[in-house]
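One structure below.
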Amino acid sequence: MKANGSWLLALALALLFSGLCMAQAQEDESEENQWFTVDSLNEGLGEAPEEVKRETPRESIRSFLELTEQEEFSAAAHVLNLSDLSPAEQPERGAQLAKQLATVFRRGEWIEASNLSGRQDAAIEDPSGQHPQTGEPRRNLALASLEAQGQTYDIRLGRYRMGDEAPVWLITPDSLSSIPRLYEEFGPSMLEEYIPERFKASLGVLEIWEWIAIPVFLLVIGLVGWGVYGLVGLLAHWFPNGAPSIFAGRIRGPMALLVMSFVAQLLLDYVVSFTAMATSFIRVMLIIIVAWGVGTIALRLVDTLLLKVTRRIVGEIDDTKPKDERKLLTTLYALRRVIILITVVAVSVYVLSQIQLFETLGMSLLASASVLAVLVGIAGQAVLGNILSSFQVSLAKPIRIGDLVMFEGQWCYVEGIFYTFIRLRSWDERRLIVPVTYFVSQPFENLSVKSAKMYRTLELVVHLSADTQVIREKFLEYAKEEENVVEHHKLSCYVTGQTERAQTISCYLMASDPFAGWIAEMNIREKLMTFIRDNHPEWWPREVVVISHRDIAKGEHPGSRRSPHESAPGGDEEG
């Protein structure tokens with residue numbers, strides 16, 4: 001029994017000891033995830049001043065920025081982990097590194113302390129719970145990522161604990177080793193060496209000299225652009241007429257903006273540098289301008305080639321061209337819209353990748369993709385509807401470039417099918433701009449869907465005594481004289497209506513196109529009216545007043561005596 005009791009006691013002690021060891025191991029592992037344990041921390045700097053707050057990432061960076069703004073670089077060095085330096089080097093070298101890092105922050109990438117975590121463990125607070133690391137403590141944070149001499153360098157903030165002291169947040173030693181290279185890239189330019197110190201004081205978000213230099217900088221860039229614009233315009237006049245001259249004239253603006261952007265970039269790299277806020281804004285604008293300029297020049301090149309092909313193959317836009325040529329022109333316009341869409345998407349992706357929006361907003365965009373889709377769908381419903389309808393028209397081709405359509409009672413030629421509207425040219429040279437969705441939702445008559453030829457009907461209302469055969473012969477004679485009247489074997493003329501006073505004679509003709517048919521109809525009508533007026537005025541319809549009850553149709557003598565008051569208007573007498 002004693003042996004069994006001893007064995008049970010030993011087992012209990014072993015289990016208790018192993019549990020304590022496991023708890024200690026878990027506690028040590030948990031602490032390793034919260035901070036870096038170090039034996040010494042900036043021994044050469046002494047005690048940190050009271051104004052240096054380092055318990056949270058936000059306090060640490062805010063203290064660093066405020067101290068460097070006051071040029072207290074020795075105090076700001078306490079926010080740096082100088083463990084790679086000997087204690088003797090730390091005071092002087094630490095102040096120097098603090099000054100250089102402040103310059104890098106001011107000119108390379110503006111750091112906003114309010115955007116950093118205010119928690120001691122820097123745990124991510126996400127009420128939605130979508131972030132995979134929500135609530136987990138962190139001991140290493142990225143502050144900035146900068147490029148120098150083709151290499152990327154990260155500035156990071158780490159959490160360190162020495163012994164039993166409270167952990168603090170400091171710039172990591174690896175980040176400090178890259179500060180000299182970044183300072184060479186983002187340090188003061190050669191122009192700033194000649195600027196008096198009194199002009200380097202801060203005035204708002206910029207220094208005093210920057211408020212003067214930036215307008216001068218923009219003025220110089222504007223003069224360069226104005227010169228390039230004029231030079232390209234001269235080249236457009238010097239080039240022979242045709243595609244080269246048209247292309248040069250269309251790229252004056254984009255080319256001027258491109259040269260302005262390149263000159264501005266050279267000045268920022270080698271002559272002058274501004275604070276990070278101004279430099280970041282200028283660089284983003286330069287990226288957008290360069291992308292837009294390149295895309296616009298490419299589009300102008302495509303437009304010039306399309307114009308040249310259009311003039312060579314199709315010529316002027318009207319419905320006298322064969323159907324296949326009008327279909328080709330419509331396809332070319334559709335190809336242009338596809339090229340524009342591809343260019344816009346490519347430029348947008350390039351700009352967003354250059355300004356690194358994907359890295360900073362990627363998770364937020366993915367998390368709210370459905371909300372953005374709904375907002376874009378509501379806000380851009382009209383635009384997107386027009387664009388989709390435009391592609392539908394281009395693919396189905398209910399109308400083609402050059403077709404003659406009857407739209408809302410007007411004859412119009414289709415001059416262009418664009419993303420959001422259709423441009424129509426009326427017969428009197430007016431231009432109608434119609435939204436694509438409105439056009440396709442309204443009934444319209446395409447007079448050129450099969451052929452431009454069109455029947456025209458000419459109607460004359462004449463007296464019952466008019467000789468139809470004579471009018472028919474004159475109509476055939478006049479119609480054959482008109483050059484716009486085609487297919488003479490289809491000419492016809494018949495009596496199509498009759499009343500007690502007049503008869504209606506309808507004449508039919510085939511014209512080469514609707515507008516030419518309208519002109520031919522007017523000309524023939526005028527000639528027929530002139531013929532009747534000059535040769536047979538009695539054929540015009542007129543009101544009849546009965547002044548005698550004798551009926552000629554019954555054989556009664558027309559020369560019977562009339563009463564003195566019986567007479568026909570205008571001297572005409574009817575019996």
For the pair T496 and D84, the simple spin-label estimate (label points 7 Å beyond Cα toward Cβ) gives in nm 9.7
When the charge dipole of the range 392-513 is computed with +1 on Lys and Arg Cβ and -1 on Asp and Glu Cβ about the Cα centre, the Cα farthest towards its positive end, among V470, W427, F444, belongs to F444
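If you take the beta carbon distance between T457 and Q410 as r and set R0 to 22 Å, what does 1/(1 + (r/R0)^6) give as a FRET efficiency, to the nearest 0.05?
Working: r = 20 Å, r/R0 = 0.90.
It comes out at approximately 0.65.
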The simple spin-label model distance between I214 and L341, using points 7 Å out along Cα→Cβ, in nm, is 4.0
Place a point 7 Å from the Cα of V302 in the direction of its beta carbon; the residues of the range 403-422 whose amide N falls under 13 Å from it are 419
Taking a crude spin-label model, label points 7 Å out from Cα along the C-beta direction, the S145 to E43 distance in nm is 3.7
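By per-residue mean of other Cβ atoms within 10 Å, what is the highest-first order of 286-299, 522-535?
Top of the packing list down: 286-299, 522-535.
We did not get these values from a lab; they are worked out from the coordinates using the rules stated. Computed from a predicted model, the values in this text were never measured in an experiment. So basically every Cβ, Gly included, is an ideal-geometry build from the backbone, and we count neighbours across all protein chains shown.
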